[in-house]
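The values are calculated or read from the model by the stated rules, or taken from the named source; none is laboratory data. In this text, all values refer to a predicted model and were calculated from it rather than measured experimentally. Cβ sites come from the backbone with ideal geometry, for glycine too, and all protein chains shown count toward neighbours.
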Amino acid sequence: MKKFLLLTLLAALTACSGHTIVVADVDLLSLAGDTAGLSGDLTVPGSIQVYVPDADDNLTTPDGGYLVDGLPTLDDLYGFGVELTVAVENTGSGPLTFSADFRLASAADSTNIYDGLDDVSLASKTITLDPGESGQVELAATLERGDANLALISDQGFRVGVSLAASGTTSVHYQLTAFRVIAEQRPFDLIPPP
Ligand SMILES: [Ca+2]
Ligand SMILES: [Ca+2]
């Protein structure tokens, strides 16, 4: 009877193994907190770069970003995805160039997820805005099974953040309006080895 139940369970899981289940679905906007710099105003007589979510009380210094942990132990992650949107308004009287660069880093990369060591850029985009003009930067990226960058994600978790760069002779208001990361696993892969 026990064997029958096990076989039934295996059959059921095998049948749905083409699907994935979400093991992490994180809305950074609700978790990062008010001090993380999710919105702000910058004056750009030249260029300025800020790092969001801020983890060391200084927006202009790179840091460890946001640590997503508490994941189930995973041998082989099936997929990872991020969606990030920054609303931008050129609030000054000169031209503005604004760019965003999303980073994924290992949980251990606690001091700088923007230096290319133990971290990677998964998506970046640049827009230009005339005085008074508004726009948005939308970033999206997915990693599928077998992608070497998935090695950054472990049972210790992973880190995420975005660097925002503004240049021109104006001022800018920015606000992150979406920041969601998803990690997926196939149900069959969650069965522990015998
Ligand atoms: Ca910082
Ligand atoms: Ca690093």
Enumeration of residues in the range 104-124 that are under 11 Å from the mean Cα position of the chain (by Cα) and near ligand 2 (Cβ under 7 Å from one of its atoms): 105
When the range 19-41 is examined, which residues are found to be of a type in the set (D, E, K, R) and farther than 14 Å from residue 161 by Cα? 25, 34, 41
For residue 160, indicate whether it is under 21 Å from residue 69 (Cα atoms), more than 16 Å from ligand 1 (Cβ to nearest atom) and at pLDDT 95 or above. no
Pick from the range 77-94 the residues that are part of a loop (DSSP other than H, G, I, E, B) and polar (S, T, N, Q): which of them is surrounded by the fewest Cβ atoms within 10 Å (Cβ to Cβ)? 93
Is it true that some residue in the range 55-62 is of a type outside the set (Phe, Trp, Tyr), within 13 Å of the chain's Cα centre (by Cα) and in a loop (DSSP other than H, G, I, E, B)? no
